[in-house]
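A.B. asks: Please find one structure pasted underneath; my questions will follow.
The values are calculated or read from the model by the stated rules, or taken from the named source; none is laboratory data. Computed from a predicted model, the values in this text were never measured in an experiment. Quick reminder, even Gly has a Cβ in these numbers, built from the backbone with ideal geometry, and neighbours come from all protein chains shown.
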Amino acid sequence: MLLFPYPTKDLARIEVQRDPVCARMREAEQSALIDGAWGFGRVAGRTWLPAGEASAAAWEVAVQEVGARVRHDDRGLAAWGGFVGEYDPSTATIVLHEGALRQWEEETGIDRTAARRIALAHEFFHHLDCSGRVLPWSSVRMPDRRLTRLIPSRGRPRGVLEACAHGFASIALDPGEAG
Ligand SMILES: [Zn+2]
């Protein structure tokens, strides 16, 4: 799910630091994990997202080509607790909350087309992860072996996936090679 504001590395940091599994790590380990997750998302975004000024239709085609579908809903931010998009892995469906995106545009000044791209890109990452097309757990370095042992019993730390998704979605705004 995507909560505004923009997909920045600071937002990725917050996601990792508030994850209960990652919160027990040392600061240097958290930083390594944040860098790894953010970088993994950026590289994956350059691989999977339509380049440049591709149309909204081209974006939806890119999503459909990997087996997901996009549904639009008109309810606002309040109805979704601040979320502008979500992904349902049981049906491989990305839902974009158009009413929420409208409010996001009003509150942040971001162009709604750009906001929709960010939301679609974020949920697209969750689809790629859930369908095994990207493999963050074999690519993002887990610096603490104790944490690695914890993961199978506790599930994959959600905050790391969200940090990856923010890195991925950041390509929708800034495809540059830096960061
Ligand atoms: Zn998410």
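A.B. asks: Only one residue in ALA56, ALA12 is of a type in the set (Gly, Ala, Ser) and either at pLDDT below 90 or more than 18 Å from GLU86 (Cα to Cα) (or both), so which one is that?
C.D. replies: Testing whether each residue is of a type in the set (Gly, Ala, Ser) and either at pLDDT below 90 or more than 18 Å from GLU86 (Cα to Cα) (or both) leaves just ALA56.
A.B. asks: Is there a residue in the stretch 79-88 that is out of contact with any strand residue (DSSP E or B) (no Cβ under 6 Å at 6 or more places or on another chain) and among the aliphatic types (A, V, I, L, M)?
C.D. replies: Looking for residues that are out of contact with any strand residue (DSSP E or B) (no Cβ under 6 Å at 6 or more places or on another chain) and among the aliphatic types (A, V, I, L, M), one finds at least one in the stretch 79-88, hence yes.
A.B. asks: I've got another one for you. Of all residues being among the polar types (S, T, N, Q) and farther than 19 Å from GLN64 by Cβ in the stretch 89-112, which is surrounded by the fewest Cβ atoms within 10 Å (Cβ to Cβ)? Just the residue, please.
C.D. replies: Among them, the one singled out is THR108.
A.B. asks: Output the qualifying pairs, or none if there are none: Cβ atoms under 9 angstrom, residues six or more apart or on different chains, first residue in the stretch 28-57 and farther than 17 Å from ILE14 by Cβ, second residue β-branched (Val, Ile, Thr) and in a helix (DSSP H, G or I).
C.D. replies: ARG42/ILE171; ALA44/ILE171; GLY45/ILE171; ARG46/ILE171; TRP48/ILE171; LEU49/ILE171; PRO50/VAL61; ALA56/THR113
A.B. asks: Scan the stretch 40-61 residue by residue and report those that are assigned to a helix (DSSP H, G or I) and surrounded by 17 or more Cβ atoms within 10 Å (Cβ to Cβ). Give the derivation first.
C.D. replies: Filtering the stretch 40-61 down to residues assigned to a helix (DSSP H, G or I) leaves 40-48, 56-61.
Across the stretch 40-61, the qualifying residues are PHE40, GLY41, ARG42, ALA44, GLY45, TRP48, TRP59, GLU60.
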